[in-house]
């Protein structure tokens, strides 16, 4: 394992434990060279789930891509990294349990939006604006109103 700070190849494991959903092992590591600590996650390798894009292309599912989208949506919001990681793990778990080989990109986007709506309204609207590719401000306003009306019910 390369240290993300100094690229040294040796580290020691400080702590190992299962994550809450028991689909991965979280390991705290310390670099032998620079002494900085970092976290890694270990997952069981399964047959890759292919994502069918809107244009018909297929690409392997990437939890990093989901996490990246969530990080952008949650930027400068009071959402912890732990919450984002948990949401990504929940999405991945649903996909692995429901699909064998392929999943439509739309299903993933809707699933992420549903889970994000429970986590943070602003992050939800940000994610929706990119995912649904809002063409003008009216779509943005409509989505914001929908979120507000759900909150008042």
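The values are calculated or read from the model by the stated rules, or taken from the named source; none is laboratory data. Just so we're clear, the structure is a prediction, and the values are computed from it rather than from any experiment. Cβ sites come from the backbone with ideal geometry, for glycine too, and all protein chains shown count toward neighbours.
Out of contact with any helix residue (DSSP H, G or I) (no Cβ under 9 Å at 6 or more places or on another chain) and within 12 Å of residue 105 (Cβ to Cβ) - does that describe any residue in region 69-88? Checking region 69-88: not a single residue is out of contact with any helix residue (DSSP H, G or I) (no Cβ under 9 Å at 6 or more places or on another chain) and within 12 Å of residue 105 (Cβ to Cβ). The residue that is farthest from the chain's Cα centre (by Cα), among those in region 52-74 that are farther than 18 Å from residue 86 by Cβ, in contact (Cβ under 8 Å) with a residue 12 or more places away in the chain and part of a loop (DSSP other than H, G, I, E, B), is 54. Of all residues in region 93-104, those being under 14 Å from the mean Cα position of the chain (by Cα) and either surrounded by 15 or more Cβ atoms within 10 Å (Cβ to Cβ) or not assigned by TED's automatic domain parsing to the domain that holds residue 65 (or both) number 2. Residues of region 12-25 that are without any contact (Cβ under 8 Å) to a residue 24 or more places away in the chain and either more than 19 Å from residue 82 (Cβ to Cβ) or in a strand (DSSP E or B) (or both): 12, 13, 14, 15, 16, 17, 18, 25. Can you name the residue in region 105-123 that is touching a residue at least 24 places away in the same chain (Cβ under 8 Å) and within 25 Å of residue 19 (Cα to Cα) and is also surrounded by the most Cβ atoms within 10 Å (Cβ to Cβ) among such residues? This residue is 116. Only residues that are under 20 Å from residue 24 (Cβ atoms) and outside any helix (DSSP H, G or I) were counted in region 80-102, giving 2.
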